[in-house]
Amino acid sequence: MNGLAAPGGRGASESRDGTVRRRGRPPRTESVGTRDRILRAAREEFSERGYEKTSVRGIAKAAGVDSALVHHYFGTKEQVFEAAVEVAFAPALMARDGVLDGPLDEVGEKMTRMILGLWENPVTRTPLLAIVRSAVNNETAAAVFRRLVSSQLLRRIAGQLDLPDAELRAELAAAQLVGIAMIRYVIKVEPLASADPEQIVRRVAPVVQGHLTGP
């Protein structure tokens with residue numbers, strides 16, 4: 001040994017082609033898509049194992065990366081979960097303003113269709129299942145879920161109502177739809193689990209509208 005440090009300094013390693021790479025951070029050429037791959041793995045892990053049984057190491061293994069990369073892109077497990085929640089709710093947040101456009105007496109049906117549409121679509125249903133299952137069983141996950149839903153969705157809807165108890169109205173409407181989603185998609189109680197979505201909209205939308213704009 002000549003006592004000289006490795007060319008890349010502390011924490012560096014040499015690849016087969018002789019280039020020096022630092023542990024935990026990929027070269028720029030390798031970073032494209034890595035974050036998305038980690039996020040997809042995280043959603044699958046949270047969906048299958050729930051928040052408590054999911055670990056950063058498990059997410060990293062599922063994504064085929066080092067655990068340090070998960071910390072590099074997201075931070076703690078709670079922050080990974082929050083990122084997964086934001087991605088899962090992105091379609092709802094994008095559709096939110098469309099729900100609020102137009103007459104107030106149409107908001108109940110639009111909101112019902114929006115929420116049911118997210119659950120009916122397998123692409124958005126999988127991450128939603130992960131979030132709901134984790135939030136039900138873990139207070140940290142529930143706090144992340146509440147924070148996003150309250151700040152990004154319910155407060156915006158309440159702000160458009162211009163009625164007494166607007167936040168309570170928005171929360172009651174959301175509770176109606178979350179309850180239906182839990183029974184239909186998570187617990188899968190029949191006959192609701194197999195009911196036609198249009199039938200559900202016809203029955204539920206007036207109730208949601210009553211919460212939002214009723215007396």
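The values are calculated or read from the model by the stated rules, or taken from the named source; none is laboratory data. Just so you know, these numbers come straight off a predicted model, no measurement behind them. Positions of Cβ are generated from backbone atoms using ideal geometry, with glycine treated the same way; all protein chains shown enter the neighbour counts. Each accessible area value is taken on the protein alone, full model and side chains, heavy atoms only, with ligands, DNA and RNA left out. Shrake-Rupley method; radii C 1.70, N 1.55, O 1.52, S 1.80 Å.
The table that follows gives values for the structure above.
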read-out: Any hit, region 186-201, residues being touching a residue at least 24 places away in the same chain (Cβ under 8 Å), among the charged types (D, E, K, R) and more than 21 Å from Thr54 (Cα to Cα); value: no
read-out: Exclusive hit being buried (at least 17 other Cβ atoms within 10 Å of the Cβ) and of a type in the set (D, E, K, R), set Arg113, Arg156, Arg147; value: Arg113
read-out: Test result for Tyr51, aromatic (Phe, Trp, Tyr) and modelled with pLDDT of 90 or more; value: no
read-out: Qualifying positions in region 161-215 - in a loop (DSSP other than H, G, I, E, B) and among the basic types (Lys, Arg); value: Lys188
read-out: Qualifying residue in region 15-37 (condition: within 30 Å of Leu172 (Cβ to Cβ) and modelled with pLDDT under 85); value: no
read-out: Given (1) open to solvent by less than 90 Å² (accessible area, probe 1.4 Å); (2) farther than 30 Å from Glu45 by Cβ, index of the condition Asn138 fails; value: (2)
read-out: Output for region 164-175, where each listed residue is in contact (Cβ under 8 Å) with a residue 12 or more places away in the chain and open to solvent by 60 Å² or more (accessible area, probe 1.4 Å); value: Glu167, Glu171, Leu172
